[in-house]
Structure formats: structure tokens, C-alpha cells
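All remarks here apply to the structure that follows.
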């Protein structure tokens, strides 16, 4: 067993264990953190396959951004764990069907010649794979790439539009207006004559 | 390195490689940790002088042993784990916040040949690792089982995530100018004297990057994580002793990393500002020539300058209000980077490259 193989089995074992813990652990925050560990070990495996661009992107996007927001939500929710676990038996058959379908699909992708999956090529050229992906993405697949970008943009706008709630009764500060304020807007210097002191007081 | 490899000849080849890498890691991390320790002293001294005080001057000559005294004190303090805290995560959180700050040094080029791992996607690696630091904050806040810590964690995590986007866009501008993700090649692209450095054509991105760097490390004036006047400390409120000190170390290690990265990306890293300006005859003078020529000393000097800026900011600026921090990140810095990248793209498309 070479050192690289050892690393492969090491990261693969961590990934499988972490993925199992995601669905077995009771606490939702712990489950989210195990999902993070799964992503990180997957990234390590990809880097081991010399796909360093994809591996680092996985860490950057899923671990660094998506899972952070995920954790935010899970941490703020008041989740009643007992309530969630109640329906486990009734959901199990449906879950089993989904799992079996996924296994069959993955088997088809990995074995069938229609999908034409080949083992990774040995160092095709002296171009780094970041550059190779960039070239393919902006030449052969430029339209699918731009369609994906537009779909994402639509999703962003839709998400903002759905959650945007105008509440005229809330008061908030506008820094631009605060910065623009000059003394004369707030303070008025009033000239008045000195009043005479009342006698006898 | 070859001599060490020869000494270890009796071991199998793979083990020799591992041992050599470990030695290199120690050779990088020891100076970094020493710099972290003395940065705390420098901060207290610099801010002291700025406020016309002496700063620490009791322990050792001129107070030089102060960081060691602090470390000893913190190590002997008790670490109290709050009741019902998630014990494992509570202990893990400081380590998670320190580890990415140290691991990022693996790809930092100190000089032309002095780099632990010269990988292709170095910039992406740095970006990915610095985005992991936020987990230390979130986990610390959640595992403490304290409402103060949780709220503090949420606000500083939201701040870090917001500024990461501006930071990433600033890096996009750099990689467009350099045409590479490799940090060594980014420095090479700036060769040829001070007027070739990226901070002149990319001045907007340079400022955005450094401001985001200050905000990412939760330093003043963006240090709402420990805003004493508003909340009690923040995500690390339940930590004591060495566990707290590790958060502190992580903050300072991140400062040094941001300083080093700003140096590499915008100020030509180990390149000398006189490179290509002074004639070759001056550079071949024995001592003066090697001082004026490129080398690791320029890298250290430029990084130290940015560290001084960090301290200077803290002594000068009042703390931002939280909504103003968010406004600055989302509504000022990100639009600036977007416009700058668009302009830079136009310049590249028109074949007009001012940095060459």
C-alpha cells in the first residue's frame, strides 16, 4: 500500500463515518457539523485525485459559506428532537425506496457505457486543471454556464423578493442621512434680549 | 535539506519525505508563533507611545519578556467549562480558529525559493482556509451554552461572512491582473520596480482588501466581537486561561497572515522596490546590494508595515456601530470591487494593461 492509497482509505473512512453520523446523531447542530466534516473529507479525496480546483471550491463554497448559514439557522431554531424522531418508523419505507433508487442510479452512472465514465487521465498537459476547467467552461460550455448563472440570479432575486417585508412602522437609522446632517439642520441659534431680573424674587 | 535527507538515509523513502516536510513546517511555524507573541508586546508598546504612556516595561529588559510572562500566567489558569456546555466542541473551538490561520502559511512564498508548497491554486487554497476560521467563532458561541456567547458569535460570524465576499472579489481582481492562482507567479507578475506593483493599478481593490482584512480579523475599528461598551466580550465570554489565549493567538496569527497576503498580492512580496530601477552595479556591492535587492527581508519589512497599520487603526479610530459595519461591507465595499473588476476586465479586453 503506497502512502497515497493510505491517505485515500483514511479520508474515505472519515467521510463514510461522518456521513453515517449525520443521520444518526441526535443533536441537529452536531449533525450539521458532521456534514461539514463529510464535505472536508470529500474535498481531501478530490485533491488526492489531482482535482485541486474542485476540492478547494467545495471547501470554499459549501463549507465556508453554505454550511455557515445552515448552522446559523439550525442554531437559532428551537428544535424539539423527540418530536422529530416520532415518525421515524412511518417514514422508513419511503426513505428506503429513495435510497435504493439512488444506489441504482449511481451504479448505472459508474458502470454503463452510455455515461462513458473513464478513469481520470494521467496529466493530459502542462496546463493546471484550474486553467483547463476555465477554458472548457468559457468556450465549449459557455451557454449552459451562462444559463446556470441566470438561473442563480433569478433564484437570488426570488429569495429576496419572497422574504422582503416592508414594515413602515419600524424605525431604523439611515447612515447616509446621518452623515449628511449639518449643525444648522438640528440646532437653531435664537437671539433674544436679556430679560430683566424680577425684583423681589 | 539534502544533508538532513542524507542523515535519514536508513529510513524508507516516504518516511524521509514526511520527516522533511515536518521539519519545514516547524521552521515556518516557530517564527510565526514567536512573531505572534511579540506582536502582542508591540501592540501594547506602540499604542502606549501613541497615547504618551510607557507600555509594559517591568518584565525583563525594557519589558521584552512580557509575552512569556503572559503565556505562563495564562497556562496556569484554570479552564472552566460551563455547566451543560457541549464539552468536546467547547475544547475544539479554539483549535479550529487557530488551525486555518497557521495552515495557510503552507503556500506563502517567503522568497523566490523559500516556500513549503508551491501549488497551482495557492490563492484559492488561502481563500478556502480563511473561510474556515469562522467555524471557531460559531462553535465557540454555540458550545458555551450561554446566550451572550451565542449572540456574540452570531454577530461576529455575520460580519466575517459579509466581508469575506468583498475580500474574494478583491482577490479576483488580483488574479485577473496576474493571470495565475499561484502566489509565486503573482509576485513574479509584479517584477520590475515599485511602479509595477499591483497596488497602483488596483488601488481600489487594495484598500478594499485591507479593510476587509481588518474586519475579518475582528480588529478595531470593527471589533464588535468584543465591544466592551455594548456586550460582554462576545463569542469567547465563557473561555478562560489557555483556551481564551488560543483565540487571542488566532486573532494575531490572522493579522500576520492578512499582512503577509496584502504584501504578496499588492506589494510584490519579496521583491525589492528598487528592482529594475537601480543599475546592476549597485546591486553587486557586497552588503548594500543584497539589502537593496529582492529577498525575504523585504517581505518581512512590508508585512511589519501592515501590522503597524493594524495597531495604528486601533489607537486612532473609534469603533463602528454594528449596522454601519454591515452597510460598509455590503453597500460600499462590494459595489466598489464589482465596478473595479468590470473596469479591469474592459482594460484587459482592450489590451491596455497598466501593470505591465
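The values are calculated or read from the model by the stated rules, or taken from the named source; none is laboratory data. Computed from a predicted structure; not experimentally measured. Here the Cβ is made from the backbone with ideal geometry for all residues, glycine too, and neighbour counts use every protein chain on show.
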Subset of the stretch B:316-333 (residues that are in a loop (DSSP other than H, G, I, E, B), farther than 17 Å from residue B:207 by Cβ and in contact (Cβ under 8 Å) with a residue 24 or more places away in the chain)
B:318, B:319
Within the stretch B:185-202, the residues that are more than 13 Å from chain A (Cβ to nearest Cβ) and assigned to a helix (DSSP H, G or I) are B:186, B:187, B:188, B:194, B:195, B:196
Exactly one condition in (1) within 14 Å of another protein chain (Cβ to nearest Cβ); (2) surrounded by fewer than 14 Cβ atoms within 10 Å (Cβ to Cβ); (3) at pLDDT below 90; (4) closer than 24 Å to residue B:235 by Cα is not met by residue B:88; state its number.
(3)
Is it the case, given these coordinates, that residue B:154 is farther than 30 Å from residue B:21 by Cβ and facing chain A (nearest Cβ under 9 Å)?
yes
Consider residue B:189 carefully, then state whether it is surrounded by 24 or more Cβ atoms within 10 Å (Cβ to Cβ), touching a residue at least 12 places away in the same chain (Cβ under 8 Å) and more than 18 Å from the chain's Cα centre (by Cα).
no
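Table: residues versus (1) assigned to a helix (DSSP H, G or I); (2) at pLDDT below 80.
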| site | (1), (2) |
| --- | --- |
| A:121 | no, yes |
| A:166 | no, no |
| A:184 | yes, no |
| A:195 | no, no |
Among the residues in the stretch A:88-104, are any in contact (Cβ under 8 Å) with a residue 60 or more places away in the chain and either exposed (fewer than 10 other Cβ atoms within 10 Å of the Cβ) or within 23 Å of the chain's Cα centre (by Cα) (or both)?
no
Among the residues that make up the stretch B:126-138, is at least one of them surrounded by fewer than 19 Cβ atoms within 10 Å (Cβ to Cβ) and within 12 Å of another protein chain (Cβ to nearest Cβ)?
no
Just give me the residues in the stretch B:1-30 being part of a helix (DSSP H, G or I), away from every other protein chain (no Cβ under 14 Å) and farther than 17 Å from residue B:117 by Cβ, in sequence order.
B:2, B:3, B:4, B:5, B:6, B:7, B:30
Which of the residues that make up the stretch A:1-30 are surrounded by 15 or more Cβ atoms within 10 Å (Cβ to Cβ) and in contact (Cβ under 8 Å) with a residue 12 or more places away in the chain?
A:8, A:11, A:12, A:14, A:15, A:18, A:19, A:21, A:22, A:28, A:29
Among the residues of the stretch A:2-52, write down those that are within 11 Å of chain B (Cβ to nearest Cβ) and not in a helix (DSSP H, G or I).
A:2, A:27, A:50, A:51
Identify the residue in the stretch B:334-356 that is part of a loop (DSSP other than H, G, I, E, B) and farther than 16 Å from residue B:206 by Cα and, among all such residues, is modelled with the highest pLDDT.
B:350
If I filter the stretch B:108-117 for residues that are in contact with a helix residue (DSSP H, G or I) (Cβ under 7 Å, 6 or more places away or on another chain), within 12 Å of chain A (Cβ to nearest Cβ) and touching a residue at least 12 places away in the same chain (Cβ under 8 Å), do I get at least one hit?
no
Within the stretch B:62-85, tally of residues that are at pLDDT 90 or above and farther than 25 Å from residue B:146 by Cα
10
Quick one: would you say residue A:57 is at the interface with another protein chain (Cβ under 10 Å from one of its Cβ atoms) and either assigned to a helix (DSSP H, G or I) or in contact with a helix residue (DSSP H, G or I) (Cβ under 8 Å, 6 or more places away or on another chain) (or both)?
yes
Being part of a helix (DSSP H, G or I) and at pLDDT below 90 narrows B:150, B:102 down to just B:150
From the options B:243, B:162, residue that is over 17 Å from the mean Cα position of the chain (by Cα), away from chain A (no Cβ under 14 Å), buried (at least 19 other Cβ atoms within 10 Å of the Cβ) and part of a helix (DSSP H, G or I):
B:243
Consider residue B:316 carefully, then state whether it is surrounded by fewer than 17 Cβ atoms within 10 Å (Cβ to Cβ) and at pLDDT 85 or above.
yes
